[in-house]
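The values are calculated or read from the model by the stated rules, or taken from the named source; none is laboratory data. This is a predicted model, so every value here is computed, not measured. Neighbour counts run over all protein chains shown; Cβ positions are idealised from the backbone, glycine included.
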Amino acid sequence: MSSPGGFAPVSNAGIRANRNLRARRSPAKGGLRWYAQGRRGNLHRWCAAARRQALPASAATVAAFIDAMAAGKALATVRRFVSSIIAVHKAGGVASPCATETVRLALQRMHRERGRAQTQAAPLNDELVAHMPAAGHSLRDLRNKPLLAVASTALCRRAELVALQRTDLQIESDGFGTVTIRRGKTDQEAAGDVAPITPDATWSLKAWITAAALTTASGPLFRGVLKGGRLTAARDAGEVARIVKALAGKAGLTTEETARISGHSTRIGASARSWNVAPMQSALVVRRHPESSERHLHLLKWGLLPSWSKDSPKSAAPDQR
C-alpha cells in the first residue's frame, strides 16, 4: 500500500493483519472500525506525511503519533487509537511497540499535560425527551419520537438501537412492550436480551409503524426518511447523535447545552433516573420469574424492609438495600 509519493507506510504485515481481522470479524465491530480509522485514516496519513512506517511501527513512531494526536484529539480517542495499533500488530503477527517504555511515557506525558478527566455527555431526562420531538409532525418526527423513547426506556446503545428489526418489537395487550436486543457491546456472541419499554414508547412506535407502513414489513425498525417521505435502509449508529443534537436545538437548548448532547445522553439520563428512587416512590421494575426466567415489567413502590422486621409489607416493595 503506497502513498502518492511512493512511500509505503504499511508493509505486508498490514495486508495480513487486515485479512486476519476480517476473517475473525474482530473482537467487535467497533474494534475493526477504530482499526480502520487509525490505519487508513489518521495513522496512515500521519505516517505517510512523516515518511514513517505504520505497520510494523517502531516505538518512536507511535510515541510521535501520540504527541501529534494529543494536540487536537480527545484523550479517549487517542487511547482507542493506541488500542487499534495493538490489535493490528497482533493480527499481523508482529510485536506491538505499545508495550515499550517509550510509548508508555508518551501516554503519561499526554495525561500529565491534559489530565485524565473526561467531559461526560449531558443527560436527557424524561421531560426533555418527551418535549424534543414535539417540534413537528412529519414522518421524520414520527420516527424520532419512538427512537428517543426506546433509547431511554430500554437503555439501548446507538448500535443496538439502529440494529433493531421490526420483528424484534412485541407489544402486549396492557400497553407495555419489549424489544429484543440480539447483539450488543457486552454481548459479542449474540446471546440476546429482551428489554421492556413503556406504554408511551409503544404508543409512539405504533404511530411511526402505521405512518411508515411497517405493519407487516420486516427489516429495520428505524429507517431513514428522504424528502417526499421515501424510506431507506437502517440508519448508521453515528446518525443517532446527529438526530439527538438536532432535536435538542429545536427544543430550545442553548448552543453550549446542545454541544454536550450525544447519542449516549439518553442512557445517562435513564441511568441517573434509575438510581435516584426515593423510599415509597413508585418505580418501574423488571422482575425475573424464578422458574421460567422470563422478565416482566411491574410498577412497584420502593421501600426498605429490614431483614429483622416481622411485619408483612402492605404492598409489593422491593428492598432498597
Among the candidates R45, R104, R40, R33, which residue alone is modelled with pLDDT of 90 or more and not acidic (D, E)? R104
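Residue-wise test of (1) of a type in the set (S, T, Y); (2) in contact (Cβ under 8 Å) with a residue 12 or more places away in the chain; (3) more than 20 Å from A212 (Cβ to Cβ).
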| position | (1), (2), (3) |
| --- | --- |
| K227 | no, no, no |
| R230 | no, no, no |
| D236 | no, yes, no |
| E239 | no, yes, no |
| K245 | no, yes, yes |
| G249 | no, no, yes |
| T255 | yes, no, yes |
Of all residues being at pLDDT 90 or above and of a type outside the set (A, V, I, L, M, F, W, C) in the range 52-78, which is nearest to V94 (Cα to Cα)? Just the residue, please. S58
With the checklist (1) of a type in the set (A, V, I, L, M); (2) crowded, with 21+ Cβ neighbours inside 10 Å; (3) modelled with pLDDT of 85 or more in hand, flag the one item I171 doesn't pass. (2)
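Quick one: is L155 surrounded by fewer than 23 Cβ atoms within 10 Å (Cβ to Cβ), at pLDDT below 85 and within 21 Å of G192 (Cβ to Cβ)? If you could, list the steps in order and put the result at the bottom.
Numbers: surrounded by fewer than 23 Cβ atoms within 10 Å (Cβ to Cβ): yes; at pLDDT below 85: yes; within 21 Å of G192 (Cβ to Cβ): yes.
Judged against the criteria, L155 is a match.
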